[in-house]
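The values are calculated or read from the model by the stated rules, or taken from the named source; none is laboratory data. Every value quoted in this text rests on a predicted model; they were computed, and no experiment measured them. Cβ placement follows ideal geometry from the backbone for every residue including glycine, while neighbour counts extend to all protein chains displayed.
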Amino acid sequence: MSNTNLLGSEEWAVLGTLDPVSQGAATVYTDDVDMSLFEQVIFVVQTGLLGTNATVDVSLVSGAAATPTTLITGKAGTQLGDSPADGNNGVQVIINCRGDELTEGHRYLRGKITVATAATLLSAVMLGKAKSLPSSDNDLASVAEIVA
């Protein structure tokens, strides 16, 4: 049960980001997360306008050391495409992951986004619930302000 006296920013830290960008065809990653410090994370990716024939793949990867690259089983979204029937402009993909879902022997995690064919507007944020509160002690240095 959650303590209603805690602020959301005390329970959840900003761990990784991909700042809003027109991302060309490439694979990009969020910052690394040391999951020995966290119970769980939420990876949220937002798309804007997908480029012509673009596809976007969103997943979580883990590794025994920093800069992990091993796909975590079951932690990938369905590929997004740009056709009007797909309806993938201005959508979000959310992937949840608990520490015990990492590949055996892995400690680090990061979000992975692969854009293919054409530039696509997107952004991402990884939030984590720390094992020791306040989680905000683990925020990225780029967090400019927390307002209660």
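If the condition is being assigned to a loop (DSSP other than H, G, I, E, B), out of contact with any Phe, Trp or Tyr (no Cβ under 7 Å at 6 or more places or on another chain) and of a type in the set (A, V, I, L, M, F, W, C), then segment 30-76 contributes A54, A64. The residue list L140, L133, L121 contains one member that is within 14 Å of the chain's Cα centre (by Cα) and not charged (D, E, K, R), which is L140. Looking across segment 43-68, the residues that are touching a His at 6+ places or on another chain (Cβ under 8 Å) and surrounded by 18 or more Cβ atoms within 10 Å (Cβ to Cβ) come down to S62, G63, P68. Among the residues here, A116 qualifies as among the small types (G, A, S) and either over 17 Å from the mean Cα position of the chain (by Cα) or over 17 Å from L60 (Cβ atoms) (or both). Taking segment 83-128 as the range and being among the β-branched types (V, I, T) and within 14 Å of D31 (Cβ to Cβ) as the test, the residues that pass are I113, V125.
Residues checked against (1) at pLDDT below 95; (2) of a type in the set (D, E):
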| site | (1), (2) |
| --- | --- |
| S59 | no, no |
| I72 | no, no |
| A76 | no, no |
| D82 | yes, yes |
| A85 | yes, no |
| N88 | yes, no |
| C97 | no, no |
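Restricting attention to segment 84-133, the residues being assigned to a loop (DSSP other than H, G, I, E, B) and closer than 24 Å to G8 by Cβ number 4.
Within segment 9-42, the residues that satisfy the criterion of being buried (at least 16 other Cβ atoms within 10 Å of the Cβ) and over 11 Å from the mean Cα position of the chain (by Cα) are S9, E10, E11, W12, A13, Q23, M35, L37, F38, Q40.
Scanning segment 70-111 for residues that are at positive phi and over 18 Å from the mean Cα position of the chain (by Cα) turns up G87, G105.
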